[in-house]
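Asker: Please read through the structure below; I'll follow up with questions.
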Amino acid sequence: MTFDLVLVGFGHVARRFVRLLAERRAILERDFGVTTRVVAVATRRHGRTSAAQGVDAARLARAVDRGDSIGPEENEATADFVTSAVRKHSEAARAGRLVVVETTTLDIARGEPAIAHVRAALAGGAHVITTNKGPAAFAYRALAHAADSANRRFLFEGAVMDGIPVFNLVRETLPAVRIAGFRGVVNSTTNFILTAMEQGQPFDEALTEMQAMGVAEADASLDVDGWDAAAKTAALANVLLNASMTPHDVERQGISAAAGRRAVEALASGRRLKLVARAGREDGRWAARVAPEELAEDDLLAGLEGQQNAIIFHTDLLEEFAVVQQSGSLTQTAYALLSDLVTIAAHATPPPRPRARQGRTP
């Protein structure tokens, strides 16, 4: 099946995704029957473009790498661009071949405009895959209902732990298992900083190193203030626990330079200081928290170094199990999009074949 892709956002992740599709083209077609073409691209600073027969996405990626424009700037909201693009490719949408790939950055206030992008895509009959935490963290139930009503998929594996399967793992491989809660280290920047401060590196120096590597943004407040972890916690709770919360419902405490002394003292006493995200049932309701915790040395989370992440799930049948991410990269985040695309293809129902006409052969 050939999927037509509408790319909303064309930053580092989306451009790596385009290149990954090219690198894995033969495997995708041979093993999964998947081929792709990009039919529209909307960027924040480099313009927008679309073509009925597809655009040269590799050329566009090189242009953006250079800082060049890929098309004219438009005054319309990006959600309107999505609506227009879906209408232009209504035939592909009706056939279940149109996918909106949403990779805009997280808005921690309301999750917009990413939520509007998802709604517009589903309303037009397109599938949606996204790396943005906002839609699942702020509006999962409504968007999941919209996807079910449209008989389309809304997938977001890249929202937590990059391309490491978390949502897919539970959805596809754990039938009849109930997730009762979880705790984990889910932000790479803060874990790197805490590990570095244990060894005497100053907070600002460790943060600058993360920014130089492209892991932390220039404005790293989402990381160090705990907002990124809170958004991931809300998304996990909404999807896996059937909670209904936003990042603002998550009790939150980040880290600062002052945590350095606490990290050193904890290490000296055989413990490790980690920014732990957790959610579970408390007093008959779902509760979630992100805060620094001193963990025993034999705790799996205590052993995480540098940019490593992990989530420990509490279940009814399997007791506890963990998913560990040893390293993160741009490729891993882009792979999450590829994985979601293959999931859509695996669950696609081919259109029925035309019935043969009755009668004699002429």
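Asker: Among all residue pairs at least 6 apart or on different chains, which show Cβ distances below 7 Å where the first residue, located in region 236-248, is assigned to a loop (DSSP other than H, G, I, E, B) and the second is of a type in the set (S, T, N, Q) and surrounded by 22 or more Cβ atoms within 10 Å (Cβ to Cβ)?
Answerer: Filtered contacts from region 236-248: 244/238; 245/238.
Asker: Has region 69-77 got any residue that is out of contact with any strand residue (DSSP E or B) (no Cβ under 8 Å at 6 or more places or on another chain), assigned by TED's automatic domain parsing to the domain that holds residue 137 and buried (at least 17 other Cβ atoms within 10 Å of the Cβ)? Spell out how you get there, then give the answer.
Answerer: Within region 69-77, the subset out of contact with any strand residue (DSSP E or B) (no Cβ under 8 Å at 6 or more places or on another chain) is 69, 75-77.
Next, only the ones that are assigned by TED's automatic domain parsing to the domain that holds residue 137 stay: 69, 75-77.
Those still in the list that are buried (at least 17 other Cβ atoms within 10 Å of the Cβ) too: none.
There is no residue in region 69-77 that is out of contact with any strand residue (DSSP E or B) (no Cβ under 8 Å at 6 or more places or on another chain), assigned by TED's automatic domain parsing to the domain that holds residue 137 and buried (at least 17 other Cβ atoms within 10 Å of the Cβ).
Asker: Just to check your reading of the model, which residue among 101, 55 is touching a strand residue (DSSP E or B) at 6+ places or on another chain (Cβ under 6 Å) and assigned to a strand (DSSP E or B)? Reasoning before the result, please.
Answerer: On the way: 55 fails: assigned to a strand (DSSP E or B).
Only one candidate passes the filter, namely 101.
Asker: While we're looking at this one, here's another question. Is it fair to say residue 44 is in contact (Cβ under 8 Å) with a residue 60 or more places away in the chain, surrounded by fewer than 22 Cβ atoms within 10 Å (Cβ to Cβ), of a type in the set (D, E, K, R) and farther than 19 Å from residue 339 by Cβ? Working first, answer last.
Answerer: Values: in contact (Cβ under 8 Å) with a residue 60 or more places away in the chain: yes; surrounded by fewer than 22 Cβ atoms within 10 Å (Cβ to Cβ): yes; of a type in the set (D, E, K, R): yes; farther than 19 Å from residue 339 by Cβ: yes.
Taking the combined requirement at face value, the residue satisfies it.
Asker: Here is a follow-up. So which residues in region 200-218 are small (Gly, Ala, Ser), under 23 Å from residue 262 (Cβ atoms) and in contact (Cβ under 8 Å) with a residue 24 or more places away in the chain? Give the steps one after another, and end with the answer.
Answerer: Here is the first cut: in region 200-218, the ones small (Gly, Ala, Ser) are 200, 206, 212, 214, 216, 218.
Applying the additional criterion that residues be under 23 Å from residue 262 (Cβ atoms) yields 200, 206, 216.
Within region 200-218, 200, 216 qualify.
Asker: If you take the residues in region 300-336 that are among the aromatic types (Phe, Trp, Tyr) and closer than 19 Å to residue 233 by Cα, which one is surrounded by the fewest Cβ atoms within 10 Å (Cβ to Cβ)?
Answerer: Step by step, filter region 300-336, then rank; the result is 321.
Asker: Please verify whether residue 298 is farther than 30 Å from residue 19 by Cβ, free of Cβ contacts under 8 Å to residues at least 40 places away in the same chain, of a type outside the set (Gly, Ala, Ser) and out of contact with any helix residue (DSSP H, G or I) (no Cβ under 9 Å at 6 or more places or on another chain), treating the condition exactly as stated. Step through it out loud before you land on a result.
Answerer: Working: farther than 30 Å from residue 19 by Cβ: yes; free of Cβ contacts under 8 Å to residues at least 40 places away in the same chain: yes; of a type outside the set (Gly, Ala, Ser): yes; out of contact with any helix residue (DSSP H, G or I) (no Cβ under 9 Å at 6 or more places or on another chain): yes.
Yes.
Asker: Could you run through region 254-299 and say how many residues are assigned to a loop (DSSP other than H, G, I, E, B) and either outside the structural domain of residue 313 (by TED's automatic domain parsing) or loosely packed, with under 13 Cβ neighbours inside 10 Å (or both)? Outline the logic, then answer.
Answerer: So in region 254-299, the residues assigned to a loop (DSSP other than H, G, I, E, B) come out as 254-258, 269-270, 283-284, 297-299.
Going one step further and asking which of them are either outside the structural domain of residue 313 (by TED's automatic domain parsing) or loosely packed, with under 13 Cβ neighbours inside 10 Å (or both), we end up with 256, 258, 269-270, 283-284, 297-298.
Adding up the residues that qualify gives 8.
Asker: Let me ask something additional. If you check residue 336 against the conditions, is it closer than 30 Å to residue 17 by Cβ, assigned by TED's automatic domain parsing to the domain that holds residue 195 and at pLDDT 95 or above?
Answerer: When the stated conditions are applied, residue 336 does not pass them.
Asker: Could you please let me know if residue 349 is modelled with pLDDT of 95 or more, over 17 Å from residue 18 (Cα atoms) and either touching a helix residue (DSSP H, G or I) at 6+ places or on another chain (Cβ under 6 Å) or among the polar types (S, T, N, Q) (or both)? Outline the logic, then answer.
Answerer: On the way: modelled with pLDDT of 95 or more: no; over 17 Å from residue 18 (Cα atoms): yes; either touching a helix residue (DSSP H, G or I) at 6+ places or on another chain (Cβ under 6 Å) or among the polar types (S, T, N, Q) (or both): yes.
Taking the combined requirement at face value, the residue does not satisfy it.
Asker: A further question follows. Could you say which residue among 241, 194 is hydrophobic (A, V, I, L, M, F, W, C) and out of contact with any helix residue (DSSP H, G or I) (no Cβ under 9 Å at 6 or more places or on another chain)? Please lay out each step first, then the result.
Answerer: Details: 194 fails: out of contact with any helix residue (DSSP H, G or I) (no Cβ under 9 Å at 6 or more places or on another chain).
Going through 241, 194 in turn, the sole match is 241.
Asker: Checking residue 330 against (1) at pLDDT below 95; (2) under 25 Å from residue 246 (Cβ atoms); (3) not polar (S, T, N, Q), which single condition isn't satisfied?
Answerer: It fails just one condition, (2).
Asker: Which of (1) among the hydrophobic types (A, V, I, L, M, F, W, C); (2) touching a residue at least 40 places away in the same chain (Cβ under 8 Å); (3) in contact with a helix residue (DSSP H, G or I) (Cβ under 8 Å, 6 or more places away or on another chain) does residue 81 not meet, given it meets every other one?
Answerer: Exception for residue 81: condition (3).
Asker: Condition first: of a type outside the set (A, V, I, L, M, F, W, C), part of a helix (DSSP H, G or I) and touching a helix residue (DSSP H, G or I) at 6+ places or on another chain (Cβ under 7 Å). Now tell me which residues in region 10-50 satisfy that. Lay out the reasoning, then the answer.
Answerer: Step one: list which residues in region 10-50 are of a type outside the set (A, V, I, L, M, F, W, C), which gives 11-12, 15-16, 19, 23-25, 29-31, 33, 35-37, 43-50.
Now narrow it down to the ones that are part of a helix (DSSP H, G or I): 12, 15-16, 19, 23, 25, 29-31.
Selection gives 12, 15, 16, 19.
Yes or no, residue by residue, for (1) within 22 Å of the chain's Cα centre (by Cα); (2) basic (Lys, Arg):
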residue: 190; (1), (2): yes, no
residue: 229; (1), (2): yes, no
residue: 235; (1), (2): yes, no
residue: 245; (1), (2): yes, no
residue: 252; (1), (2): yes, yes
residue: 260; (1), (2): no, no
residue: 265; (1), (2): no, no
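Okay, residues lined up against (1) free of Cβ contacts under 8 Å to residues at least 60 places away in the same chain; (2) farther than 24 Å from residue 172 by Cβ:
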position: 104; (1), (2): no, yes
position: 111; (1), (2): no, yes
position: 120; (1), (2): yes, yes
position: 129; (1), (2): no, no
position: 150; (1), (2): yes, no
position: 153; (1), (2): no, no
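Asker: Within the bounds of region 120-137, is there any residue that is polar (S, T, N, Q), surrounded by fewer than 20 Cβ atoms within 10 Å (Cβ to Cβ) and not in a helix (DSSP H, G or I)? Don't jump to the end; show me each part of the working.
Answerer: First, pick out the residues of region 120-137 that are polar (S, T, N, Q): 130-132.
From the residues that got through so far, the ones that are surrounded by fewer than 20 Cβ atoms within 10 Å (Cβ to Cβ) too are none.
There is no residue in region 120-137 that is polar (S, T, N, Q), surrounded by fewer than 20 Cβ atoms within 10 Å (Cβ to Cβ) and not in a helix (DSSP H, G or I).
Asker: Please go through region 36-65 and give me each residue that is within 22 Å of the chain's Cα centre (by Cα) and of a type in the set (Ser, Thr, Tyr), ordered by number.
Answerer: 36, 43
The values are calculated or read from the model by the stated rules, or taken from the named source; none is laboratory data. If you're wondering where the values come from, they're calculated on a predicted model, not measured in any experiment. Cβ: placed from backbone, ideal geometry, glycine included. Neighbour counts: every protein chain shown.
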